[in-house]
Structures are given as structure tokens and as C-alpha cells.
Amino acid sequence: MSFRPPLARRSAAVSAAAVLAVALAAGGAMNASAATEGTGRTTLRALAQPTGLRIGTAINTDELGSNARYDRIAARQFSSVTPENVMKWDAVEPQRGQFDYADADELIRFAKKNHQLVRGHTLVWYNQLPQWLVELGPSLTKKQATAILKQHVIDEVTHFKGRIWQWDVVNEAFEEDGTLRNSLWLQKIGPSYIEKAFRWAHEADPKALLFYNDYNIEYGGPKQDAAYALVKGLKKKGVPIDGVGFQTHLDTQYGIPDLETTMKKFAKLGLKTAETEVDVRTTLPVTPVEQSAQNAGYSETLQACLLVKACISYTVWGFGDEYSWIPGVFPGEGAADLYDENLVAKPQYTALQTVLRTAKGVPHRR
Ligand code: 9MR
């Protein structure tokens, strides 16, 4: 998995001079851990509430219920949650026919208690498949693979029926060059697995909003073009798709994508949009100029969402650096989240508050 944006857009990086000017104006060296977490009416969810925009986070269920500070932040600051791993196929059906929804159910309970909506993540993906399926995969016929995938989608959506706001039905179906990823599903079923998955999910829970979700489609290039062509085609055929999720895993070295323009383009197809997995990584240790670029990464992507009425949720991929997936995948990089290793709010957090304070008067969304 590369998570690097297409070359063509790298020149769109925030101008280094502009970033430096901001850093200098802010008094030179910025303290990376200095930010005051909002309480009461200044939490992220409270500031966003008048706009109808949901501010979400991915949740690491290992922490939930065992780390009081983690629970408190998750409950107070966010109005939507996404399970980081526990709704993935390897988690919910570790042995064939043996289901384990315990962790995901616990998250659903947490969300209900805290008046949060849930983004379901994810039904059809090439990754995090259970071992039994990885082993069985190569021998499957088209008919068998279709039956297995259908059963999975129907079982899981039915289990959570009425409790999921948005489902990431199909996740990361494209390669960087815009060709369909050579997943088990493409190999065995062909490209129609995508529309089938949306139809099955809709059949099982007609009220859930159904999303196609991917990374690097925030930047112009063949992957974004392919995703656009896909969802345009699905809409034209009457396939029940409601939205497109832009994961938005950013890195300060590649700059900030123009999500306002991009989301408006997708919205014109009659789709909702969401930023589903926002984080902004950088090389460590974080210098003042990188800190400033990270702040800009968060604030510009949130501002883009506020400027696009179709954008209904802005979700960060975890809120604490301690639990981030980044250091394991990009050695030497990190500090991508809103809170540091001790769950102390960072300037990125303040940057989001600042944008939300400007939101008065933006069109309301639901
Ligand atoms: O954050 C997730 C991490 O804990 C898992 O090990 C990883 C396995 O692939 O998946 C991470 O979440 C991914 C998400 O499900 C889809 N988009 C990319 C995310 C980061 O890899």
C-alpha cells in the first residue's frame, strides 16, 4: 500500500515560504504539545453541531473501556465513530460460519450512549480477510465466490441493521494507475462484484447510506478519474450508492489536495461525500514548519468539507498518536493525530476548533 499521492499533484504542496511565514508570525518555534482541549460548548462536536456536520473518529476498541482518558475524549469530542478494525471480515468471521461481533457491538453501545452515529467499515475489501478465506480463495469458482461474498455482506449488514449511518461497502478497489485492484473479488467475480455488493447491502438495510471509500482519490490523477467513472456509472445504472469517502491520509511532504473542488465534482453526480480517515503525518521529530503544515492539513481539509454541502462527515483516523497505524507502516514518520502519546491535545486540535468557529451560516447538512 503506498498512500503516496500521484506525482502530478506534489507541486500543489503548501508553499514552504507561506508555511514559514505563518510559523514565524506565530513567534518562531511552536510548542507541538501546546493546545487547550475544548470542553462544554468548545468541544469539536459542539462547535460543529449547528452545521449538522458530524465530526468523527476511528475507535481502537482495545482502549475502549480500559483507558478512561481515551473514553472521555472519544465521547466528548466526537459525534460519530468508526471501528478501526472490528467490523472487518477477519474480525467478524474468524472461522468459517463462526461469527464474533462482540467488540463491534460494544462500540455500537458506546456510540448509542454518547449520541454518536456509526460509520460501518468495511464490507468488501482485499485486505484483512480471514485466514480460512485466504486459503480457500484460489480454489473458488465464480459462483462460490459470489455466494460467499453475498452471504458476508448480507450477514453483517443484517446484524447491524438500523444501527449504521454510513457503510463503507467497497473499500480501495483501485490501483494508483486507475486499474481495478487485482483482489480475490476481481479475480473470481469480475468487476461486477462492486455493484453486486451495493445491491446486497441495500437489500439488507435500505436505510443505511452506502459509500465507496478510497485513499489518494483526493488528488487529481488516474485513480480519482477511475473512482469518478465508477460511481458515475453506478448512479447511471441505478445501483444504490449514496456517497464517496475520501480517506484523506495526508503527509506534509506531498501537500494538501483541493478537496473542495473534488468533492463538489462528485457531489454533482447526486452523491454525498465524506472525509473518512483523516490524518496528517510528517517526518519525526516535528519541526515548527512541519507542525504548521500539519495544522494547515487539518484545517484546510475541514474547511473544504464545510464548503461542500454534500460533505456530511469529517472523520479522523484515530485521535491519539500512541495508537496510530502510521509508525508501523512509515518508519520515521508519525505525529499524525490531534492528540500526542499522552492524549494531550496538539495544535492540530486547535486548528480544527478555529475552522469550526467560522462555520456559522454554512448550509446545514444532515
Ligand atoms: O488503522 C488500521 C490498522 O490498525 C490495521 O492494521 C490496518 C490493516 O490494513 O488497517 C488500518 O486501517 C486502514 C483502513 O481500514 C482502510 N484505509 C487505510 C487505513 C490505514 O491503513
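The values are calculated or read from the model by the stated rules, or taken from the named source; none is laboratory data. Keep in mind it's a predicted model, so treat the numbers as computed, not measured. Cβ: placed from backbone, ideal geometry, glycine included. Neighbour counts: every protein chain shown.
For segment 286-297, indicate whether the set of residues that are hydrophobic (A, V, I, L, M, F, W, C), under 17 Å from the mean Cα position of the chain (by Cα) and crowded, with 19+ Cβ neighbours inside 10 Å is non-empty.
Among the residues of segment 286-297, not one is hydrophobic (A, V, I, L, M, F, W, C), under 17 Å from the mean Cα position of the chain (by Cα) and crowded, with 19+ Cβ neighbours inside 10 Å, which makes the answer no.
Where residues in segment 153-180 are within 16 Å of the ligand (Cβ to nearest atom) and of a type in the set (Asp, Glu), which of them is farthest from the chain's Cα centre (by Cα)?
By that ranking, first place goes to Glu156.
Identify all residues within segment 239-263 that are part of a helix (DSSP H, G or I), surrounded by fewer than 17 Cβ atoms within 10 Å (Cβ to Cβ) and in contact (Cβ under 8 Å) with a residue 40 or more places away in the chain; write none if there are none. First the steps, then the outcome.
The first filter runs over segment 239-263 and keeps only residues part of a helix (DSSP H, G or I), leaving 252-254, 259-263.
Retained after the next criterion (residues that are surrounded by fewer than 17 Cβ atoms within 10 Å (Cβ to Cβ)): 253, 261.
Selection gives Gln253 alone.
Mind telling me which of the residues Glu300, Glu322 ends up being away from the ligand (no atom under 16 Å from the Cβ), in a helix (DSSP H, G or I) and of a type in the set (Asp, Glu)?
On the way: Glu322 fails: away from the ligand (no atom under 16 Å from the Cβ).
Sole residue among the options that is away from the ligand (no atom under 16 Å from the Cβ), in a helix (DSSP H, G or I) and of a type in the set (Asp, Glu): Glu300.
Can you say whether Lys196 is modelled with pLDDT of 95 or more and either outside any helix (DSSP H, G or I) or farther than 29 Å from Ser80 by Cβ (or both), as far as the supplied structure shows?
Judged against the criteria, Lys196 is not a match.
Only one of Val231, Val153, Val169 is touching a strand residue (DSSP E or B) at 6+ places or on another chain (Cβ under 7 Å), part of a strand (DSSP E or B) and among the β-branched types (Val, Ile, Thr). Can you tell me which?
On inspection, the qualifying residue turns out to be Val169.
Every residue, every condition in (1) surrounded by fewer than 18 Cβ atoms within 10 Å (Cβ to Cβ); (2) within 17 Å of the chain's Cα centre (by Cα), yes or no:
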{"site": "Arg109", "(1), (2)": "yes, no"}
{"site": "Lys112", "(1), (2)": "yes, no"}
{"site": "Gly120", "(1), (2)": "no, yes"}
{"site": "Leu149", "(1), (2)": "no, no"}
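Of all residues in segment 96-135, which are touching a helix residue (DSSP H, G or I) at 6+ places or on another chain (Cβ under 9 Å), within 20 Å of Ala197 (Cα to Cα) and away from the ligand (no atom under 16 Å from the Cβ)?
Arg96, Phe99
With the requirement that a residue be among the acidic types (Asp, Glu) and either within 15 Å of the ligand (Cβ to nearest atom) or within 18 Å of Thr354 (Cα to Cα) (or both), what does segment 37-91 give you? Write out each step before concluding.
Within segment 37-91, the subset among the acidic types (Asp, Glu) is 37, 62-63, 71, 84, 90.
The answer is Glu37, Asp62, Glu63, Glu84, Asp90.
What is the residue count in segment 336-362 for residues that are more than 16 Å from the ligand (Cβ to nearest atom), touching a helix residue (DSSP H, G or I) at 6+ places or on another chain (Cβ under 8 Å) and farther than 16 Å from Leu44 by Cβ?
Within segment 336-362, residues that are more than 16 Å from the ligand (Cβ to nearest atom), touching a helix residue (DSSP H, G or I) at 6+ places or on another chain (Cβ under 8 Å) and farther than 16 Å from Leu44 by Cβ number 3.
Tally time: how many residues in segment 303-319 are in a helix (DSSP H, G or I) and either under 18 Å from Arg4 (Cβ atoms) or touching a strand residue (DSSP E or B) at 6+ places or on another chain (Cβ under 6 Å) (or both)?
1
Table: residues versus (1) free of Cβ contacts under 8 Å to residues at least 24 places away in the same chain; (2) crowded, with 23+ Cβ neighbours inside 10 Å; (3) under 30 Å from Gly255 (Cα atoms); (4) β-branched (Val, Ile, Thr).
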residue: Val169; (1), (2), (3), (4): no, yes, yes, yes
residue: Trp185; (1), (2), (3), (4): no, yes, no, no
residue: Ile194; (1), (2), (3), (4): no, yes, no, yes
residue: Arg199; (1), (2), (3), (4): no, no, no, no
residue: Asp205; (1), (2), (3), (4): no, no, no, no
